[in-house]
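Visitor: I have a structure here, written as structure tokens, and I will follow up with some questions on it.
The values are calculated or read from the model by the stated rules, or taken from the named source; none is laboratory data. All figures in this text were calculated on a predicted structure; none of them were measured in a lab. With ideal geometry, Cβ positions are generated from the backbone for all residues, glycine too; neighbour counts draw on all protein chains shown. All accessible areas refer to the heavy atoms of the entire protein, side chains included, with ligands and DNA or RNA removed. Shrake-Rupley method; radii C 1.70, N 1.55, O 1.52, S 1.80 Å.
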Amino acid sequence: MNDSRRAELAARVARVTSRIVSAAETVGRNPTDIALVVVTKTWPVSDILLLHELGIRDFAENKHQEAESKVAEVIGLDLRWHFVGQIQSNKATRIARYADMVHSVDSVRVTERLNLGAHRHERSIDCLVQVSLDDETARPRRGGTNWTELEDVAGAIDGAERLRLAGIMGVSPTGGDASGAYHRLLEASRMVTAVTASATVVSAGMSADFEDAVRAGATHVRVGSAILGQRSALR
Ligand SMILES: *Cc1c(COP(=O)(O)O)cnc(C)c1O
């Protein structure tokens, strides 16, 4: 069972990696500038261990409780944890305990809570501002700041002692034009690098559209189902 799962994951990691490399090369980018973050939500810790053996080090979760319990099970492994889900501000201090990079910072309030948690746990955390790529009528809304709030949130992160403004993140609208959305995200990236020149991370792209994201300039792609398989309809 474990052996066949290992072979399946190895083949899918290899396939996704080669697609990232090809997409980068078509636009003259260096493939090593693009980080593959594997989104393990709903999948067991045994898969995280297999992926770690295959060389994956960046893992993402989107729900605090699930993330917290998985992190506790793999303590001591050299992993980087990414938090990519919507953040209720009452959970933010607890997310600060384990997250190395939070992709989904979308308010000043969440920024303050993350900074408080980072102080409490004596850590520092890389933060991305999640920018909404929805148009006004999009349903479901995928979250994120609107363009007028973007600079406020970026400034709050930049001013927080324990947080580092690392860049921006976007989730493409369901059924929409991913490529166009990711090009808008790159404009948002320029606004954020104007706040802090080193905030160059652009987290964009999921299983359905990571090649579009790479061609548009993403530095981090967040891939779940193309590596782990379809999540059950219940989750
Ligand atoms: C689930 C999730 C992903 C990965 O989605 P797939 O389509 O399974 O690749 C990426 N980003 C966020 C924010 C997610 O919640």
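Visitor: Roughly how many debye, to the nearest 20, is the charge dipole of the chain about its Cα centre, given +1 on each Lys and Arg Cβ, -1 on each Asp and Glu Cβ, and no other charges?
Guide: 520
Visitor: Please give the peptides 101-109, 63-71 ranked by average Cβ packing (other Cβ atoms within 10 Å per residue), highest first, as a rough proxy for protection.
Guide: Top to bottom by mean Cβ count within 10 Å: 101-109, 63-71.
Visitor: Still on this structure: In square angstrom, what is the accessible area per residue of region 120-210 with a 1.4 angstrom probe?
Guide: 47
Visitor: Size of region 14-85 along its principal axes in angstrom, Cα-based, largest extent first?
Guide: Principal-axis extents of the Cα atoms in region 14-85, largest first: 40, 25, 19 Å.
Visitor: What area, in nm² and to one decimal, does the C-alpha convex hull of the chain cast on average over all directions?
Guide: 12.5
Visitor: Whole Å is fine, so just give me how far the alpha carbon centre of region 15-45 lies from that of region 161-235.
Guide: 12
Visitor: In the chain, carbon and sulfur make up what percent of the accessible area (probe 1.4 Å)?
Guide: Percent of accessible area from carbon and sulfur atoms in the chain: 48.
Visitor: Mind telling me which of 194, 92, 181 comes out most flexible in a GNM of the chain, alpha-carbon contacts under 10 Å?
Guide: Checking each option, the largest mean-square fluctuation is seen for 194.
Visitor: Using a 1.4 Å probe, how large is the accessible area of residue 149, given in Å² and rounded to the nearest 10?
Guide: In the full protein context, residue 149 sits at about 80 Å².
Visitor: Mind giving me the FRET efficiency for residue 21 and residue 46? R0 is 30 Å, r the Cβ-Cβ distance, nearest 0.05 is fine.
Guide: Result of the calculation: an efficiency of 0.60.
Visitor: List the aspartates and glutamates whose Cα sits under 19 Å from the Cα of residue 63, skipping any in the same chain fewer than 8 residues away.
Guide: 47, 73, 100, 106, 126
Visitor: Still on this structure: Roughly speaking, what is the stretch gain from residue 232 to residue 177, that is 0.36 nm per residue apart minus the C-alpha to C-alpha distance, in nm to one decimal? Mind dumping the intermediate values first?
Guide: Details: separation 55, 0.36 × 55 = 19.80 nm, distance 2.56 nm.
Taking residue 232 through residue 177 to full extension adds about 17.2 nm, to one decimal.
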